[in-house]
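Everything below concerns the one structure shown next.
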Amino acid sequence: MHPSEVKALLESRLDDCEFHIQGEGCDFQVVAVGEVFEGLSRVKRQQLIYGALSEEIASGALHAVTIRTYTPQQWQDAAENKGA
């Protein structure tokens, strides 16, 4: 899979989120930004992303997925967003 394919899958399955995807093959890093994460625990946030990619993970199309989630305010303050 390509990062653009992973991004398209996530955008079609999770509304009102911004995604930044890096990686190749079946190993990807997902950064998701959205109001949907407000008030959710870190585990619940990751479950949302894993749930959206469950078919691809089960089929082996995606093997390793690293997930970081942010609310828009957290993303504004995030070090990895500086200069992006």
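Observations on the model:
- The stretch 27-73, residues that are in a helix (DSSP H, G or I), over 17 Å from S12 (Cα atoms) and free of Cβ contacts under 8 Å to residues at least 12 places away in the same chain: V43, K44, A58, S59, Q73
- There is no residue in the stretch 2-12 that is basic (K, R) and either in contact (Cβ under 8 Å) with a residue 24 or more places away in the chain or in a loop (DSSP other than H, G, I, E, B) (or both).
- Leading residue by the ranking (most open to solvent (accessible area, probe 1.4 Å)) among those in the stretch 23-35 that are over 15 Å from H63 (Cβ atoms) and not β-branched (V, I, T): E35
- Top-ranked residue in the stretch 13-26 [being out of contact with any Gly (no Cβ under 6 Å at 6 or more places or on another chain) and part of a loop (DSSP other than H, G, I, E, B); ranked as modelled with the highest pLDDT]: L14
The values are calculated or read from the model by the stated rules, or taken from the named source; none is laboratory data. This one's a predicted model, so the numbers in the text were calculated from it and none came from an experiment. FYI the Cβ positions are ideal-geometry reconstructions off the backbone, even for glycines, and counts take in every protein chain you see. Heavy atoms of the whole protein, side chains included, go into the accessibility calculation; ligands, DNA and RNA do not. Shrake-Rupley method; radii C 1.70, N 1.55, O 1.52, S 1.80 Å.
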